[in-house]
Amino acid sequence: MKIFLSLIAAAGLMGCGTVASVFSDAPLGYEAVTIHTNEKSDVKIFVNNEEVAAQKGSVLLSKRRNAHFVTVKKDGYRPVTQYFSRDVNGIIVFLDALLIVPLIVDIATWEIYDINPRDIRINLRKDD
């Protein structure tokens, strides 16, 4: 019985966003964004001007930043840049505010934010 009550108390201290992030592929404070391109080979992806390795077409974007710029490049093609913004998830804030402590946890772990868009399609065009 003590273990059960301890688990309930611990669950009450975790924020809704923090709990939801357990089911995500991204670590706390990050969001996985999927990038689809019409060209599959030799494509380079840059997040805020730094080259990153995409895992299964996804990149991790930090929720600590207000905005991200993701650029997709390939030799012989025009680079394409996509803007990503950080938005407050109103549903998470509302649910967390009911108990106050979870709101503090989600703010501290950046889990009250979402990165938008989460899934994009980029069409690379050949240089003229």
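Remarks
- Residues located in segment 98-128, provided they are surrounded by 13 or more Cβ atoms within 10 Å (Cβ to Cβ), over 16 Å from the mean Cα position of the chain (by Cα) and either closer than 16 Å to residue 34 by Cα or at pLDDT 80 or above (or both): 122, 124
- Test result for residue 69, touching a strand residue (DSSP E or B) at 6+ places or on another chain (Cβ under 6 Å), crowded, with 18+ Cβ neighbours inside 10 Å and at pLDDT 80 or above: no
- Take the conditions (1) surrounded by fewer than 18 Cβ atoms within 10 Å (Cβ to Cβ); (2) at pLDDT 85 or above; residue 56 misses just one of them, which is (2).
- Close pairs (8 angstrom Cβ cut-off, 6 or more residues apart or separate chains): in a strand (DSSP E or B) in segment 80-107, modelled with pLDDT of 70 or more and hydroxyl-bearing (Ser, Thr, Tyr) anywhere: 80/71; 81/71; 82/71; 86/113; 87/113; 88/113
- In segment 41-52, the residue that is nearest to residue 85 (Cα to Cα) out of those that are in contact with a strand residue (DSSP E or B) (Cβ under 8 Å, 6 or more places away or on another chain) and either outside any strand (DSSP E or B) or among the aromatic types (Phe, Trp, Tyr) (or both) is 48.
- Residue 95 surrounded by 12 or more Cβ atoms within 10 Å (Cβ to Cβ) and at pLDDT 70 or above: yes
The values are calculated or read from the model by the stated rules, or taken from the named source; none is laboratory data. The shown structure was predicted, so the numbers you read here are calculated from the model rather than taken from an experiment. Backbone-built Cβ (ideal geometry, glycine too); neighbour counts: all protein chains shown.
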